[in-house]
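Just so you know, all these numbers are worked out from the coordinates, no wet-lab data involved. No experiment lies behind these values; they were computed from the predicted model shown. Here the Cβ is made from the backbone with ideal geometry for all residues, glycine too, and neighbour counts use every protein chain on show.
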Amino acid sequence: MKPLRIALTKGRLEEKTVAMLESIGYDCSQIRNKGRKLVLCIPEKNIEVVLAKSADVITYVENGVCDLGIVGKDTIMEMGKSFYEVLDLGFGRCRFALAVPKGTNFYEGYHSRTIATKYPNVARSYFESKMDIEVVKIEGSVELAPILGLADAIVDIVETGTTLKENGLEIAEEIAQVSARVIVNIASLKLRKKEIENLIDDMRRAIKEN
Ligand code: PRP
């Protein structure tokens, strides 16, 4: 039987997922000692882990080249979904927020407003019923845009709030709670139901015990 393939978001979620799986006895030594390798095995479980950027996790799962994915709800909200979202892992917790330069009122005045964000769809849908806005897509360190005068505000994920604070910004509105989710390819859930359900049950047990 070919391995069950999981696309795992590199970085913060990778660390936490490995810790979760190890807590219930999965051998993640290949992931821990991966070097530059991107495809790793969890021996004895017939699982292959693929390390990818968050948006690519969704692409691989939607296209069926990975059976499951572990990815933040922020990326799911941005990219839409044609897959099943089956479990909230509870870690990787942060918030989507509208943030403005400290002391400013986003809604004051009649000028048109520009929002800088890595998440244009989330920003547009949040403001859809409220007001017209311009959205500028920024790839990273989005806090720079209001500092440089390119935007009135940002829509971004906030974890500790340190980045906002150290760059003279503050939360104006909270948009949504975000955490790591397990997603499953629609066909895989039918074709490999038992294996996937067993894995999800194990993950559920791990988050309950921790
Ligand atoms: C994210 C986010 C904020 C920061 C928030 O950026 O876009 O910049 O983390 O974290 P904090 O509230 O704990 O300070 P990330 O580190 O992913 O880097 P990027 O901005 O280059 O995408």
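Key figures
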quantity: Loop sites in region 110-140: trypsin sites (Lys or Arg not before Pro), DSSP, at most 13 other Cβ within 10 Å; calculated: 130
quantity: ³J(HN,Hα), Karplus 6.51/-1.76/1.60, whole Hz, each residue of region 158-163, x for Gly, Pro; calculated: 10, 9, 8, x, 5, 4
quantity: Trypsin sites (Lys or Arg not before Pro) within region 73-103, DSSP loop, no more than 15 other Cβ atoms inside 10 Å; calculated: 81, 93, 102
quantity: Rounded Å value of the spacing that divides the Cα centres of region 94-158 and region 49-71; calculated: 28 Å
quantity: In Å, descending, principal axis extents of the Cα set of the chain; calculated: 63, 32, 32
quantity: Pairwise FRET efficiency - residue 144 versus residue 22, Cβ, R0 = 41 Å, nearest 0.05; calculated: 0.65
quantity: Using θ = phi - 60° and Karplus 6.51 cos²θ - 1.76 cosθ + 1.60, couplings along region 36-52 (whole Hz; Gly, Pro as x); calculated: 9, 6, 10, 10, 10, 10, 9, x, 6, 10, 6, 10, 10, 10, 10, 8, 8
quantity: Amide H contacts under 5 Å for residue 136, placed H, 5+ residues apart; calculated: 115, 116, 117
quantity: Links that overshoot a 18 Å alpha carbon limit, given the list 37/118; 10/73; 45/194; 73/190; 37/193; calculated: 37/118; 73/190; 37/193
quantity: 222 nm mean residue ellipticity, helices alone, for the chain (DSSP H n ≥ 4; -39,500 (n - 2.57); rounded to 500); calculated: -9000 deg cm²/dmol
quantity: Global form of region 94-176, assessed from the alpha-carbon gyration tensor, a/c cut-off 1.5; calculated: rounded
quantity: Placed amide H near residue 5: partners under 5 Å, 5+ positions off or other chain; calculated: 48, 67, 68
quantity: GluC sites (Glu not before Pro) restricted to DSSP loop in region 76-181 with at most 11 other C-beta within 10 Å; calculated: 108, 128, 139
quantity: Residue-wise HN-Hα coupling along region 69-74, computed from phi with Karplus coefficients 6.51, -1.76, 1.60 (Hz; x: Gly, Pro); calculated: x, 10, 8, x, 4, 4
quantity: Under-5 Å amide H pairs with residue 172, H placed in peptide plane, nonlocal only; calculated: 98, 99, 100
